[in-house]
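These notes are about the structure you will find just below.
The values are calculated or read from the model by the stated rules, or taken from the named source; none is laboratory data. Predicted model, so just to flag it, every value in this text is computed and none were measured. Virtual Cβ from ideal backbone geometry, glycine too; neighbours counted across all protein chains shown. Ligands, DNA and RNA are excluded from the accessible area calculation, which covers all protein heavy atoms including side chains. Shrake-Rupley method; radii C 1.70, N 1.55, O 1.52, S 1.80 Å.
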Amino acid sequence: MRLNLPQLPGALAKGLAPLYVVGGEEPLLAQEALDAIRATARAQGYSEREVLDAEKGFEWGKLSDACNAMSLFASLRIVELRLHAAPDAAGGKILQQIAAKPPQDVLLLIHVNKLEWRTRSGGWFSALESAGASLYFEPLKAAELPAWIAGRLRAAGLDADPDALRLLAERTEGNLLAAQQEVQKLMLLQPKGTRLGIEAIDSAVADSAHIDVFGWINKVMAGDAAGVVRGLDVLRGEGTDLVPINLLLAMGFRQLAAAAAMKARTGNAASAVEAARIHKANQAAYTKAVERASTNQVLGWLRRCAQIDQLSKSKDGQPQAWEELLTLAVAASGAAKRKAATARR
């Protein structure tokens, strides 16, 4: 079964498929689809997760073993396979075998990067798609971007006239993550219910110097712990809502996790950051973060962002949420590691 992102919530409400193939050429949309599937699975009791990276030389028997293994801790498990390229003949055969008889009590999530149309029209991909569901994201066309942005603005409680949408689309064409970040920025700057015109879009860049959440996130990535503390204090003093700050930091960590995974394979931090489609203006800061942080560390920071989000929305939880956000940001800046190194000397 083939799905698109708007169809996914309805499909998940009807029940989880035994397996999903998710990916393509729009990383933001693929990540959102994976997050939605994982959230549904966790709500239904899938409490254990195993991740496999199918790099060159991957032993495909590990996938079969993971799908068939018995867990001592959870009756329902998620097994995730990250496919960095189309599988070889042995891998394709095992994937078809799994599709023919999906494992019980296991949700199989397969992440794919760009795949040629011919690869997606037969063999292992078609077998998996028939056994479960696929969400493959082609690049969004320029003509489709204004409507996509309009949908994101509506979800943020904002509206925009056609000229404003066209301007925002022109400024972010080819980079959905940048478009989403602009929407989040506007959510910080404008009250809910606002209808945006060209002036609001045009001034958002200048206004963001006053509420510069993105600049603060770059301080986290660059390892500027003192700047992180000062910046968050200013944001809080200006009355900036914690929820979108935490949300944007989590988006930054997602980009960082993708770059860290690539750096682990290639050893080159700068090229990994570029391949993760991080905006050029932010690449220097993210390169520093990739050089000091592992993928597992970044995933741990993402989990803490989720905990902070829950805390911030609980009754009387805002003060503690601010403290937790500060602790997380300082830790992510590498301050704790430098302090430990100084103590050892």
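Tabulated data for the structure shown
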quantity	calculated
Residues within segment 217-247 that are under 15 Å from Q283 (Cα atoms), more than 19 Å from the chain's Cα centre (by Cα) and either polar (S, T, N, Q) or open to solvent by less than 20 Å² (accessible area, probe 1.4 Å) (or both), tallied	1
Failed item, numbered, when G45 is tested on (1) surrounded by fewer than 15 Cβ atoms within 10 Å (Cβ to Cβ); (2) within 14 Å of L19 (Cα to Cα); (3) of a type outside the set (V, I, T)	(2)
Candidate set: segment 194-216, residues that are open to solvent by 70 Å² or more (accessible area, probe 1.4 Å) and in a loop (DSSP other than H, G, I, E, B); chosen: the one modelled with the highest pLDDT	H210
Count of residues meeting criterion [assigned to a helix (DSSP H, G or I) and either in contact (Cβ under 8 Å) with a residue 60 or more places away in the chain or closer than 12 Å to W322 by Cα (or both)] in segment 222-245	13
Enumeration of residues in segment 134-170 that are crowded, with 18+ Cβ neighbours inside 10 Å, free of Cβ contacts under 8 Å to residues at least 40 places away in the same chain and within 11 Å of I198 (Cβ to Cβ)	A164, L165, L167, L168
Number of positions in segment 2-14 that are out of contact with any Leu (no Cβ under 6 Å at 6 or more places or on another chain) and either open to solvent by 30 Å² or more (accessible area, probe 1.4 Å) or modelled with pLDDT under 90 (or both)	8
All positions within segment 104-128 that are open to solvent by 20 Å² or more (accessible area, probe 1.4 Å) and closer than 20 Å to P18 by Cα	Q104, D105, H111, R120, G122, G123, W124, S126, A127
Selected residue (criterion: farthest from L109 (Cα to Cα)) from residues of segment 18-27 that are open to solvent by 30 Å² or more (accessible area, probe 1.4 Å) and modelled with pLDDT under 90	E25
Helices (runs of 4 or more DSSP H) contained entirely in segment 248-345, each with at least 3 residues that are at pLDDT 90 or above, surrounded by fewer than 19 Cβ atoms within 10 Å (Cβ to Cβ) and over 17 Å from the mean Cα position of the chain (by Cα)	280-292, 318-332
Those residues of segment 17-27 which are under 21 Å from the mean Cα position of the chain (by Cα) and not in a helix (DSSP H, G or I), in sequence order	L19, Y20, V21, V22, G23, G24, E25, E26
First in segment 310-324 and among the charged types (D, E, K, R), second anywhere and open to solvent by less than 80 Å² (accessible area, probe 1.4 Å), Cβ under 8 Å, 6 or more apart	K313/V243; E324/R304; E324/I308; E324/L311
Wholly enclosed helices (runs of 4 or more DSSP H) of segment 44-155 bearing at least 2 residues closer than 24 Å to A13 by Cβ and within 25 Å of the chain's Cα centre (by Cα)	123-131, 145-155
Members of segment 94-114 that are without any contact (Cβ under 8 Å) to a residue 40 or more places away in the chain and in contact with a Phe, Trp or Tyr (Cβ under 8 Å, 6 or more places away or on another chain)	I94, L95, Q96
Qualifying residue in segment 156-167 (condition: within 16 Å of L247 (Cα to Cα), assigned to a helix (DSSP H, G or I) and under 21 Å from the mean Cα position of the chain (by Cα))	no
